[in-house]
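Student: Got a structure for you, written out below as structure tokens; questions coming shortly.
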Amino acid sequence: MPSFQSTKPFKPLSILLSASEAAPFAKEGGLGDIVGALPKYLARMGHDVRVVIPRYYSVTVEKYDLKLLPGTLVVPMGIIGHQYCGVWEGRLPGSGVPVYFLEHEGYYGRSGLYQEGGEGYLDNDNRFVFLSKASLELCKMLNFKPDVVHAHDWHTGVIPVLLNTTYLHDRFVGNAASLLTLHNMQHQGNFYPGLMDVLGIGWKHFNYLELEMNDEVNLLKGGIYHATLLNTVSEEYSREIQTAAYGCGLEGAILDRAADLSGILNGVDYEEWDPATDPFIAANYTARTVKKGKAACKRDLQAAMGLPQRDDVPLFGIVSRMVKQKGTDIVAEAIHRILEMDVQFIVIGNGEPWAHFYFGDIAAMYPKKFACYIGYSEALAHKVEAGADFFVMPSAFEPCGLNQMYSLAYGTPPIVRATGGLDDSVENFNEAVMSGDGFKFWEHSATALFNTVGWAAWTFFNNHKGLAALRRNGMKKRFTWEEAAQKYDELYRLAVLRRRGGEYYRNRFGGW
């Protein structure tokens with residue numbers, strides 16, 4: 001894992017972040033959260049930070065007060081030829097950080113970011129190669145020379161490849177170092193070999209140490225081998241992806257780059273997630289008033305979800321995508337046994353259709369114990385964090401996770417499977433010394449989940465001092481973007497030294 005600390009006076013960097021999403025403009029997961037938050041804190045440190053994302057239908061000119069830049073951006077797309085797009089400029093809310101939106105009706109004028117009706121767009125390869133190339137071409141339009149280009153997941157994973165090949169001698173971006181953040185190894189950008197002709201970098205790079213995997217182009221693999229430095233969004237996930245269980249077939253590439261890989265836990269926006277000021281919850285509270293405040297929020301949540309308003313039973317909550325990665329399958333397997341206990345359970349989310357029907361049927365079978373809302377509601381998400389006694393996150397894998405951090409801030413002990421960022425951020429309860437702030441289990445099974453929910457329920461009924469300690473310990477914790485930004489600053493500076501020294505590239509590839 002790389003480490004670097006400079007003793008020299010602070011020198012601001014020019015940083016370009018390129019990604020497929022950024023909150024609040026377009027978001028489907030944690031990727032959008034980090035791209036929407038990190039730049040603001042980097043800018044507060046003094047860096048010149050710019051963000052590039054597509055302009056999807058959800059990004060309206062009026063809502064975000066966008067301004068159209070003069071001129072047309074010309075993007076070389078290999079065998080397809082040159083393509084063109086307009087560029088709109090906006091600002092990340094609460095900051096002066098510029099966000100540039102690439103307007104290409106053919107690629108981004110759609111209702112979804114990546115898919116519709118559960119099916120990925122057939123031209124996702126060209127859509128995101130275009131995003132990657134346009135991000136670099138945009139620097140010329142802006143007269144912007146980045147020190148670092150920060151790419152995210154497979155959607156812009158090819159940027160490090162481009163920087164080392166066709167853009168190596170470009171006077172705007174040729175000197176730029178690259179950092180590739182791996183948010184989720186499950187999605188890699190696998191496409192037909194002919195994509196090499198769209199990339200236009202030459203077929204010599206279609207090999208097992210660059211872009212080739214199983215006779216397909218793997219954009220994430222190319223980025224892993226070419227990026228100056230790599231990071232994941234938690235330290236534990238950076239270790240996990242070096243194994244076959246979590247590397248999703250790319251563990252060999254990760255092991256090859258392990259010395260250049262680090263983990264940085266995401267931060268939390270405590271202006272949005274603070275029980276003392278949260279406008280969505282029935283009663284605001286602090287660590288001093290948590291017992292009374294949570295009791296009021298619990299009754300409000302029960303009423304909102306149509307459950308009996310009972311103070312004397314533990315209320316468990318889930319806000320999640322209903323997919324296997326999030327442990328929806330083991331929740332479904334365990335839920336009947338869980339509801340045999342004197343408990344209540346609330347599920348908020350959507351995802352795989354079977355889960356919508358399944359949990360709807362559970363709600364009909366146990367109307368006084370179980371309630372669900374199919375979809376996403378910002379208000380309900382906040383109400384669950386404040387009103388639930390425990391928050392359940394039984395993920396098969398979790399690169400970072402944010403809801404467990406929200407839960408800690410709201411005095412709602414999380415029940416988590418010890419993986420990735422969940423393991424890094426939650427400390428297991430130790431009843432003997434009243435330490436810890438949540439409940440962990442390691443085996444990804446319905447039995448392990450049931451047993452841990454049972455442990456939490458027992459604590460609720462029989463260990464009131466322990467429950468108070470769990471709440472108090474959790475509310476003391478902070479996962480700030482200021483701390484995360486400092487760590488990214490360290491990685492950026494090390495990447496710049498590596499790039500400009502050329503040491504890595506000479507040693508690994510013998511130069512380009």
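Every number here is computed from the coordinates shown, using simple stated rules; none is lab data. Because the structure is predicted, anything quoted here is derived from the model rather than measured. As a convention, Cβ positions derive from the backbone with ideal geometry for all residues, glycine included, and neighbour counts pool all protein chains shown.
Student: Starting with the highest mean, order 91-99, 260-268 by the number of other Cβ atoms within 10 Å, averaged over the residues of each peptide.
Tutor: 260-268, 91-99
Student: Classify the stretch 412-461 as rounded, prolate or oblate from the Cα gyration tensor: take a ≥ b ≥ c as the square roots of its eigenvalues, call it rounded if a/c is under 1.5, otherwise prolate when a/b beats b/c and oblate if not.
Tutor: Working: a/c = 2.03, a/b = 1.10, b/c = 1.85.
Because a/c hits 1.5 or more and a/b fails to exceed b/c, the stretch 412-461 counts as oblate.
Student: Grab every C-alpha pair in the stretch 84-128, bin the distances at 5 angstrom width from 0 up to the longest one, and report whole percents.
Tutor: Cα pair-distance distribution for the stretch 84-128, in percent: 5, 19, 22, 19, 16, 13, 6, 1.
Student: Straight-line reach from LYS368: which lysines have a Cα under 21 Å away, not including same-chain ones fewer than 8 places off?
Tutor: Answer for LYS368, where 21 Å is the Cα cut-off: LYS294, LYS298, LYS383, listed by chain and number.
Student: How would the stretch 14-267 be classified by its alpha-carbon gyration tensor: rounded, prolate or oblate, with rounded meaning a/c under 1.5 and the a/b versus b/c comparison settling the rest?
Tutor: Since a/c stays below 1.5, the shape of the stretch 14-267 is classed as rounded.
Student: How high is the relative contact order of the chain, in percent, with contacts defined as C-alpha pairs under 8 Å that are six or more residues apart?
Tutor: Relative contact order here is 13 percent.
Student: What is the distance in Å between the Cα centres of the stretch 261-285 and the stretch 413-478?
Tutor: The distance from the Cα centre of the stretch 261-285 to that of the stretch 413-478 comes to 19 Å.
Student: In whole Å, what are the extents of the chain along the principal axes defined by its C-alpha atoms, from largest to smallest?
Tutor: Largest first, the chain extends 68, 49, 44 Å along its Cα principal axes.
Student: Same structure, new question: For a label point 7 angstrom out from the Cα of THR447 toward its Cβ, which stretches of the stretch 417-436 have the backbone nitrogen within less than 18 Å?
Tutor: Label zone hits: 417-418.
Student: For the ranges 151-163, 380-392, what's the packing order if you count other beta-carbon atoms within 10 Å of each residue, average per peptide, and put the highest first?
Tutor: On the way: 151-163: 27.0, 380-392: 25.2.
In descending order of packing, they fall as 151-163, 380-392.
Student: Return the equivalent ellipsoid semi-axes of the stretch 211-359 as a descending list in whole Å, where each equals the square root of 5 times an eigenvalue of the C-alpha gyration tensor.
Tutor: Over the Cα atoms of the stretch 211-359, the semi-axes work out to 41, 22, 13 Å.
Student: Let me have the 222 nm mean residue ellipticity of the chain computed from DSSP H runs of 4+ only, each contributing -39500 (n - 2.57), with the sum over all residues rounded to the nearest 500.
Tutor: Values: 20 runs with 198 residues, N = 512.
Helix contribution divided over all residues of the chain: -11500 deg cm²/dmol.
Student: Could you give the angle, 0 to 90 degrees to the nearest 10, between helix 124-142's Cα long axis and the longest principal axis of the Cα atoms of the chain?
Tutor: Long axis of 124-142 versus the principal axis of the chain: about 60 degrees.
Student: Counting Lys and Arg as +1 and Asp and Glu as -1, each charge on the Cβ, what is the dipole of the chain about the Cα centre in debye, to the nearest 20?
Tutor: It comes to approximately 1320 debye.
Student: Provide the per-residue ³J(HN,Hα) series for the stretch 329-335, in order, calculated from phi with Karplus coefficients 6.51, -1.76, 1.60 and θ = phi - 60°, each as a whole number of Hz, with x at glycine and proline positions.
Tutor: So the Karplus estimates, Gly and Pro as x, are 5, 7, 5, 4, 6, 8, 5 Hz.
Student: Continuing with this model, one more query. Using the Kirkwood radius over C-alpha pairs as Rh, can you work out the diffusion coefficient of the stretch 290-476 via Stokes-Einstein at 25 °C, viscosity 0.890 mPa s, in µm² per second? Intermediate values should be presented prior to the final figure.
Tutor: Working: Rh = 16.0 Å.
Using the Kirkwood radius from Cα pairs, D works out to 153 µm²/s.
Student: All other residues with a Cβ under 11 Å from the Cβ of ASP300 taken together, and with Lys, Arg as +1 and Asp, Glu as -1, what is their net charge?
Tutor: +4
Student: Also, I was wondering about something else. Using θ = phi - 60° and the Karplus curve 6.51 cos²θ - 1.76 cosθ + 1.60, what whole-Hz ³J(HN,Hα) does each residue of the stretch 252-260 get, with Gly and Pro shown as x?
Tutor: Whole-Hz 3J(HN,Hα) from phi for the stretch 252-260: x, 5, 5, 4, 4, 9, 4, 5, 10.
Student: Got the relative contact order for the stretch 14-267 handy, in percent, Cα pairs under 8 Å and 6 or more residues apart?
Tutor: Dividing the mean separation by the residue count of the stretch 14-267 yields 16 percent.
Student: Now for a separate question. Could you tell me the relative contact order of the stretch 418-461? Use alpha-carbon pairs under 8 Å, at least six residues apart, and round to a whole percent.
Tutor: 27 percent
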